[in-house]
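Since the structure comes first, as structure tokens, the remarks are kept for the end.
What follows is calculated from the coordinates using simple rules that are stated; it is not laboratory data. Since the model is a prediction, treat every value here as computed from it, not as a measurement. Please note: Cβ atoms are built from the backbone with ideal geometry, for glycine as well, and neighbour counts cover all protein chains shown.
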Amino acid sequence: MDIIDYHAHLYYPVSEIENAKKVIDKVVENFDFKIGRMWDKPVGPHPVGSCQITVPVKALNHFIPWLMKNRDQYDIFFHANTGDDLFDHTQMVMWLGREHSLNLDLFQS
């Protein structure tokens, strides 16, 4: 199973969205990564507001230490993308900060 890329999801309470944008702005200043929309509600499996950062495989070793130091107080859900969403969101994961329970129902048939 090949890893296509990774997703880092910045988790934040809706009341903190403006401060969370500052973390995303730092990512944009330092990396040429695709940045998703900043959600002000739970979307997909994510239980709180979040923003997806797509991380190329070759950038992983540099990005993880950077993110550890620059995530502010926000939790990060990080997973590999292999094309198997349930596997990727349950077995190919790591957390920076506090772990959250995901809504995995949409991946189960």
| query | If the cut-off is 17 Å between C-alpha atoms, which aspartates and glutamates fall inside it for LYS34, apart from same-chain ones fewer than 8 positions away? | reply | ASP5, ASP25
| field | aspartates and glutamates with Cα under 18 Å of LYS22, excluding same-chain neighbours fewer than 8 positions away | value | ASP32, ASP40, ASP72, ASP75
| Which order do VAL55, VAL43 fall in if you start with the one that has the fewest other Cβ atoms within 10 Å? | VAL43, VAL55
| field | Length added when fully stretched, ASP72-MET1, from 0.36 nm per residue minus Cα-Cα | value | 22.3 nm
| said: Going Cα to Cα from LYS41, which lysines come in below 16 Å? Please leave out same-chain ones fewer than 8 positions away. | reply: LYS21
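Taking only the alpha-carbon atoms of segment 8-109, what semi-axes of the equivalent ellipsoid follow from 5 times the gyration tensor eigenvalues under a square root, in whole Å, largest first? Walk me through the numbers before you get to the answer.
Details: eigenvalues 84, 59, 27 Å².
Whole-Å semi-axes of the equivalent ellipsoid: 21, 17, 12.
What is segment 32-85 by shape, rounded, prolate or oblate, if you read a ≥ b ≥ c off the alpha carbon gyration tensor as root eigenvalues and call it rounded for a/c under 1.5, prolate for a/b larger than b/c, and oblate otherwise?
On the way: a/c = 1.87, a/b = 1.22, b/c = 1.54.
Taking the square roots of the gyration eigenvalues as a ≥ b ≥ c, segment 32-85 is oblate.
Suppose every K and R has +1 on its Cβ and every D and E has -1 on its Cβ; what is the size of the dipole of the chain about the Cα centre, in Debye to the nearest 20? Please report the intermediate quantities before stating the final value.
Values: 10 positive and 15 negative charges, 64 e Å.
Its charge dipole is roughly 300 debye.
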